[in-house]
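Comments concern the structure below.
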Amino acid sequence: MMNKIYKYRGAKIFLFLLFACLLSTSASAREHSAASFFTYAELTTLYEQETLPKPIEAKLNQLLTIPFIDNSHASATPLRFSQSTQLGDFLRVAHWNIECGLEYDAIEAVFGSEEQLAAMLDKDEFPLDSNKREMALEQAAMLRAADVIILNEVDFGMKRTEYRHIAADLAARLKMNYAFGVQFVELSPVHLSQELENASVKEKEFSEVIKVDPSRYKGLHGVAILSRFSLENVRLVPFKNQPYDWYQSEKASASMLEKGKRKIAGKIFLEETLREVRRGGRTTLLADISHARFPNGRVTIAATHLENRTKSMNRVKQLRELLNTVKDIRHPVVIAGDMNTSSSDLTPTSVRRELTKRFGNPQYWIRKGIGYVLGFGLIEDTVLDGLTFWRKQSDPTVRHISFLMPNSERKFFSTLEDFRFSDGGSFDFRGDEKRSYRNKNKPLANSNERGSKGFVNTYQVTRPIKFIGKYKLDWIFVKPADLKKPTDRNGSYRFAPHFGRTFVQVNETVKNRISDHRPMIVDLPLKEPPLNEKK
């Protein structure tokens, strides 16, 4: 009898321990961290030593290959799909390069609530009952309806963004799950912070702006996916082809040509601050979402960011790597990101914005820093790469005509259009008047908004000069449920891209814009859309 009692109690203890273990495992699954963070001393070593000690090298490799994942909102909100008379039920995907998250409060307001955003709007810039105000609020409402949000240039533990974990903070506000993948460990702020410890009195005026908090600085920068669905099979895949070495190239002394480009700097100190010494490289963050109503029950989301400091041909190499990664996927695939399709090596910008990106607190730089360093007024925008052909400035997909009208970016799009998945599927290149915003019928119009000429630009400098300083850099590409030819208008439109939009007004709801890139959306119908029905 006693043996039975002991066995019974033993079984209860075993079950209790098993249940506790499962709870622990569940908690771990909800919030999975990648490798441990670098100490401040290790960050200094990352900057100073080209050949790293084995433990630091191993930690770096882990950070660059193991994503951060949090599925704690997996079942917090019932999953209700958006619906329209044109599409029926659909999944909405949004993409935005948020420029580090410099304007985090505005980003949170856009995705958070109309009341929060309306409270931020300047009454003079956005008068009540004005069309401008109505349009900005309408675009924000469309972004709030997104089921999946793909973000580029996302900070984690950087001074310029108040040491926020941008992806985690935004996901918590929106009650969404998230995955974050590290592209770079930023080292320039650490180096400059230490350099100014022995600086002159005047230079120490900058110390409060540049100096970082060793206890809070993590220096991580990357890509993120936020989702109302649980994120499964999450993986971080760095490109093998890294055409620009952000560590060696940025750490080396500026070449004569580069000094010419940075002539505006005037002082070596400013050239130092404009460098971005960092470890890591371009990467792709992939995750699956599942639902019984998805084609084959699953969709793969790929958030990527291709290199800007290189030639177009090297971005094609990175694209081919990405396509090889997703080739064997038999269900729908959505690829979105900053593809840097500018036909040039450097994206034009402004000195003020570059300084703000690195150190935050733009008011200080405007009032004291810039004037001290330059010794003359700030030239707002310097275009580094000269003139571009008018025909490709907002449409990098146009035909390449050797010698007469070359387009080095064309190969990127022909590679994508010619690609076939293992199951014979292709990316949707269609443009239909009744399935595209603005009723455009040219290639990719359904997935990416076209304007009066070419595509609506997703990036521009603060003060563009006509065609200079405007680019279509950001893209959304979709493999639908069953499409074998990328331009087949007689094929299925189930889970195919519809009404791709690029939002201008909502990005300009704060002074100097929320980001130098504009947000985008696309809608994917769960069934063959009612648009196909003959009336």
note = For the stretch 478-497, pairs from a residue that is modelled with pLDDT of 95 or more and buried (at least 17 other Cβ atoms within 10 Å of the Cβ) to a residue that is outside any loop (DSSP other than H, G, I, E, B) and charged (D, E, K, R), with Cβ under 8 Å and 6 or more apart or across chains, are P486/E417; P497/D523
request  = Those residues that are buried (at least 23 other Cβ atoms within 10 Å of the Cβ) and in contact with a His (Cβ under 7 Å, 6 or more places away or on another chain), I need them from the stretch 163-181; list them, please.
outcome  = M176, N177
query = How many residues does the stretch 469-503 hold that are within 20 Å of the chain's Cα centre (by Cα) and of a type in the set (S, T, N, Q)?
reply = 1
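Quick one: is F427 closer than 30 Å to R330 by Cβ and touching a residue at least 40 places away in the same chain (Cβ under 8 Å)?
Values: closer than 30 Å to R330 by Cβ: yes; touching a residue at least 40 places away in the same chain (Cβ under 8 Å): yes.
For F427, the condition - closer than 30 Å to R330 by Cβ and touching a residue at least 40 places away in the same chain (Cβ under 8 Å) - is met.
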query = Does F81 satisfy the criteria of being in contact with a His (Cβ under 8 Å, 6 or more places away or on another chain), within 30 Å of L531 (Cα to Cα) and among the hydrophobic types (A, V, I, L, M, F, W, C)?
reply = no
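Going by the conditions given, is I289 part of a strand (DSSP E or B), modelled with pLDDT of 60 or more and within 23 Å of V398 (Cβ to Cβ)? Spell out the reasoning first.
Details: part of a strand (DSSP E or B): yes; modelled with pLDDT of 60 or more: yes; within 23 Å of V398 (Cβ to Cβ): no.
Spelling it out, it is not the case that I289 is part of a strand (DSSP E or B), modelled with pLDDT of 60 or more and within 23 Å of V398 (Cβ to Cβ).
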request  = Output the residue which, of all residues in the stretch 430-452 that are in contact (Cβ under 8 Å) with a residue 40 or more places away in the chain and of a type in the set (D, E), is surrounded by the most Cβ atoms within 10 Å (Cβ to Cβ).
outcome  = E449
ask   = Taking into account only those residues within the stretch 269-285 that are under 11 Å from V185 (Cβ atoms) and of a type outside the set (G, A, S), which is modelled with the lowest pLDDT?
value = V277
message = Let me spell it out: the conditions are (1) out of contact with any Lys or Arg (no Cβ under 9 Å at 6 or more places or on another chain); (2) of a type in the set (D, E); (3) closer than 30 Å to F495 by Cβ, and E114 meets all of them except one. Which number is the exception?
response = (1)
task = Please work out which residue is surrounded by the most Cβ atoms within 10 Å (Cβ to Cβ), limiting yourself to the stretch 407-429 and to residues that are of a type in the set (D, E) and within 25 Å of the chain's Cα centre (by Cα).
result = D428
task = Within the stretch 87-122, track down each residue that is more than 16 Å from the chain's Cα centre (by Cα), of a type in the set (D, E) and modelled with pLDDT of 95 or more.
result = D89, D105, E114, E115
key: Selection status of A136, in contact with a Phe, Trp or Tyr (Cβ under 7 Å, 6 or more places away or on another chain), small (G, A, S) and buried (at least 16 other Cβ atoms within 10 Å of the Cβ)   = yes
Residue check for L121: surrounded by 14 or more Cβ atoms within 10 Å (Cβ to Cβ), over 20 Å from V334 (Cβ atoms) and out of contact with any helix residue (DSSP H, G or I) (no Cβ under 6 Å at 6 or more places or on another chain) = yes
message = Please go through the stretch 415-452 and give me each residue that is in a helix (DSSP H, G or I) and either touching a helix residue (DSSP H, G or I) at 6+ places or on another chain (Cβ under 6 Å) or farther than 20 Å from M520 by Cβ (or both), ordered by number.
response = T415, D418
request  = Run Q460 past the list (1) modelled with pLDDT under 95; (2) over 21 Å from A136 (Cβ atoms) and report the number of the one that doesn't hold.
outcome  = (2)
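The values are calculated or read from the model by the stated rules, or taken from the named source; none is laboratory data. All of these numbers come straight from a predicted model, not from anything done at the bench. Positions of Cβ are backbone-derived with ideal geometry, glycine not excepted, and every protein chain shown enters the neighbour counts.
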